[in-house]
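K.L.:
Next up is a structure, given as structure tokens.
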Amino acid sequence: MMTLAGEPALPTTASPVRAQSGWFQPTAPPTSDPLFIRDLLGNLRAPLGVTRTGAGFAVAPTEYVTLGGPNPGNQLPLAAYLPALTPADLGDASFLAAHRVRFPYLTGAMANGIASVELVEAMGRAGLLGSFGAAGLSQERAAQSIDRLQQSLGETPFAVNLIHSPNEPSHEAAITELLLRKKVRLVEASAYLDLTPAVVKYRLAGLIRGSDGQVIATNRIIAKVSRVEVATRFLAPAPAKIVQDLLNQNAITAEQAEMAKAVLMCDDLTAEADSGGHTDNRPAITLLPTLLALRDRLQRQYGFAAPVRVGLAGGIATPASVTGAFSMGAAYVSTGSVNQACVESGSSDLVRKMLAEAGPADIAMAPAADMFEMGVKVQVLKRGTMFAMRAGKLYEIYRQYPSWDAVPPTERAQVEKNLLRASFAEIWTQTREFFLLRDPTQVPRADADPKHQMALVFRWYLGLSSRWANNGEPTRQLDYQVWCGPSMGAFNEWVRGSILENPTNRTVVGVALNLLYGACLHNRQQALRQQGVELPADFFPFEPLPRDEVERRLQ
């Protein structure tokens, strides 16, 4: 049996036939040929009509649809209709306008420059938003990186990470001063347990009044959170006490202190679900709706004109997960682990290869270097490294003993041989010199408190383990700390057999565009299902494409 266009029939599925809801005028003959349908579905800017014939479904481009009523002319019965859909339509249009980007997509800041200058530059040149991973870097290197980004990107927007440093508040304050001095207008604030004077100062120091008298926040914040109590702080005006303290210190003006009542602490709020690095392992399917409801409740309470946009990070690694995020109401999506596996990241080729071989279960939780004493953990790659186990051992020793001298000799010997590869005293000398430059307040405290000294030495191992990974230090592979979430395994499964299976072909923009393009295809597939049309999955070109090809399809 043949279709209207003369191709082999495309069978209908067992789905119940719904009543015809309208009519459409095709701009080309309807087709049932799978290859032609695949091409039509992949052309996101082409509205499509689906008609049901005695032999099956047929699909055609159309710009004219009539809903209900008698046939208005020589038109075909409409079984389903797909409007044009591009990645720009997926999220919140105000995100695109506010950040002057093409699509609602952000590459999140992975610390120690893993979210590198090169990565952020690539995103900016493609019209997308990237966040530079300044956390963990020295002030000098952070300053150099900001200078390069401002010079290379000009007016093109980018973000810089500002991370909560509860054990090093002076360093957090110094980085904030750097951001203000360099006139960085967008930061991604991450790992905050509560608001600090530093992040509040960044926000308030950028407050001005427009010509109409309205308060304008020139220093914008994307807050990445995983807890309701922290989200609540960012979805409210700055705390009065911190504002008053900043005013008393002449860190802000009296007018800025007054204007603080008129703005919330962030412009965008990223719900950070189960992710690499700092994470509370929250399920995205519960975290995002919770924070959206919280946003709406606080918006009603404060009544500010523009509600904060809420995006989703953690688990964003496949077209299906991108679709799920936007379907749940995300204004934008943010990626992390998959970017570290890209050629522009500040990691090493060996780490990129390790990430490309990871499965969803090849991860573990390990103590965090920056919040070691608090017992905070980060999610890391387990496959190919012993870091999680070794770092966990150090935390057990820290909790159990008041000083290094109190640790049993056999345990001390094992740590010095396998982890420190030097005596504790030698590593303390190096650590002491490091903190004299980075945060001198730590040194007298460690001299007076042997337990704190032990913590700083253990943090030496935790901190360098990430740098060893980034540098590809061959003698330290078993100690590599590679921040990674379970989404990395899902990404690897999706790209298996495609151009992106080889890590040398993974570019941050190519990955981003494929994820967004695939999400649009998922939306089209779901829209057909909701109208009673079930087409075979292989009709949808979900497999990753070369960047030039996917870019062409998104033009």
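Coordinate-derived values only; no laboratory data. Given the structure is predicted, the values throughout are model-derived calculations rather than measurements. Please note: Cβ atoms are built from the backbone with ideal geometry, for glycine as well, and neighbour counts cover all protein chains shown.
K.L.:
Return L269, L48 ranked ascending by Cβ neighbour count within 10 Å, so the fewest neighbours appear first.
P.N.:
Working: L269 27, L48 23.
The fewest-first ordering by Cβ neighbours comes to L48, L269.
K.L.:
Follow-up question, since we're still on this one. Under 5 Å between amide H atoms, partner at least 5 residues away or on a different chain: which partners does Y105 have, H built in plane at 1.01 Å?
P.N.:
L129, V333
K.L.:
What is the order of K377, K224, fewest Cβ neighbours within 10 Å to most? Walk me through the intermediate numbers first.
P.N.:
On the way: K377 22, K224 31.
Fewest-to-most ranking of K377, K224: K377, K224.
K.L.:
Between T27 and S498, what is the label-point separation in nm under the 7 Å Cα-to-beta-carbon projection?
P.N.:
About 2.7 nm, to one decimal.
K.L.:
Do the sum for the chain: with -39,500 (n - 2.57) for every DSSP H run of n ≥ 4, divided by all residues, what is the mean residue ellipticity at 222 nm, to the nearest 500 deg cm²/dmol? Walk me through the intermediate numbers first.
P.N.:
Numbers: 21 runs with 228 residues, N = 555.
Computed mean residue ellipticity for the chain: -12500 deg cm²/dmol.
K.L.:
Next question, about the same structure. Considering only C-alpha atoms, what is the centroid distance from the stretch 411-433 to the stretch 359-379, in Å?
P.N.:
21 Å
K.L.:
In whole Hz, with x marking every Gly and Pro, tabulate ³J(HN,Hα) for the stretch 442-449 from phi via Karplus 6.51 cos²θ - 1.76 cosθ + 1.60, θ = phi - 60°.
P.N.:
Listing the rounded values in order: 6, 5, x, 5, 5, 5, 8, 10 Hz.
K.L.:
Further, regarding this structure: Once a ≥ b ≥ c are taken as the square roots of the eigenvalues of the Cα gyration tensor of the stretch 386-479, is the result rounded (a/c under 1.5), prolate (a/b larger than b/c) or oblate (a/b not larger than b/c)? The partial results should precede the final answer.
P.N.:
Values: a/c = 1.92, a/b = 1.16, b/c = 1.65.
The shape class here is oblate.
K.L.:
Taking R0 as 25 Å, what's the FRET efficiency between T253 and Q150 from their Cβ-Cβ distance, rounded to 0.05?
P.N.:
After rounding, the FRET efficiency stands at 0.50.
K.L.:
So, R0 is 41 Å and r is the distance between the beta-carbons of A97 and R467; what FRET efficiency does that work out to, to 0.05? Working shown, then result.
P.N.:
Details: r = 39 Å, r/R0 = 0.94.
Taking R0 as 41 Å, the efficiency between A97 and R467 is 0.60.
K.L.:
Extending each Cα 7 Å along its Cβ direction at L478 and A262, get the distance between those two points in nm, one decimal.
P.N.:
Label-label distance for L478 and A262, simple model: 6.2 nm.
K.L.:
Oh, and also: Of the options A273, N250, V228, report the single residue whose Cα projects farthest towards the positive end of the charge dipole of the stretch 134-290 (beta-carbon charges: Lys, Arg +1; Asp, Glu -1).
P.N.:
Of the options given, the answer is N250.
K.L.:
Would you be so kind as to identify all helices of the chain, as entire DSSP H runs, whose Cα atoms reach 15 Å or more along the helix's own axis and whose mean Kyte-Doolittle hydropathy is at least -1.0? Don't jump to the answer; show the numbers that get you there.
P.N.:
On the way: long enough: 139-153 (21 Å, -1.06); 169-181 (18 Å, 0.13); 284-302 (26 Å, 0.14); 387-400 (20 Å, -0.45); 424-438 (20 Å, 0.03); 450-471 (31 Å, -0.43); 508-530 (33 Å, 0.33).
Span-like helices, by this rule, are 169-181, 284-302, 387-400, 424-438, 450-471, 508-530.
K.L.:
If each residue's Cβ is checked for other Cβ atoms within 10 Å, how do L535, L180 rank with the fewest at the top?
P.N.:
On the way: L535 22, L180 15.
Taking fewest neighbouring Cβ atoms as first place, the list is L180, L535.
K.L.:
Also, quick follow-up: Quick check: Cα centre of the stretch 460-520 to Cα centre of the stretch 194-269, how many Å?
P.N.:
Cα centroid of the stretch 460-520 versus Cα centroid of the stretch 194-269: 35 Å apart.
K.L.:
Further, regarding this structure: Once you charge only the Cβ atoms, +1 for Lys and Arg and -1 for Asp and Glu, what is the size of the charge dipole of the chain about its Cα centre, to the nearest 20 debye? Before the final figure, lay out each step's value.
P.N.:
Numbers: 52 positive and 52 negative charges, 93 e Å.
In debye, rounded to 20, the chain gives about 440.
K.L.:
Pop a pseudo-label 7 angstrom from the Cα along the beta-carbon direction at both A88 and E396 and give the gap in nm to one decimal.
P.N.:
5.6 nm
K.L.:
Long-range amide H contacts for A273: which residues qualify at under 5 Å (H placed 1.01 Å from N, peptide plane, sequence gap of 5 or more or a different chain)?
P.N.:
A313, G314
K.L.:
Taking amide H positions as placed 1.01 Å from N in the peptide plane, with prolines and chain starts having none, which residues 5 or more places from A159, or on another chain, fall under 5 Å of its amide H?
P.N.:
Residues meeting the criterion, in which the H sits 1.01 Å from N, are G130, S131, F132.
K.L.:
Just flag the GluC sites (Glu not before Pro) in the stretch 332-408 sitting in loop per DSSP whose Cβ has no more than 15 other Cβ atoms within 10 Å. Working shown, then result.
P.N.:
Working: sites: E344, E357, E373, E396; in loops: E344, E357.
Answer by residue number: E357.
K.L.:
Tell me the relative contact order for the stretch 422-514 as a rounded percent, counting alpha carbon contacts under 8 Å between residues six or more apart. Mind dumping the intermediate values first?
P.N.:
Working: 41 pairs, mean separation 14.2, N = 93.
Averaging sequence separation for qualifying contacts and normalising by length gives 15 percent for the stretch 422-514.
K.L.:
Could you list the trypsin sites (Lys or Arg not before Pro) in the stretch 487-555 that lie in coil according to DSSP, counting only those with at most 11 other Cβ atoms within 10 Å of their Cβ?
P.N.:
When the trypsin sites (Lys or Arg not before Pro) of the stretch 487-555 are filtered for loop state and at most 11 Cβ neighbours within 10 Å, R496 remain.
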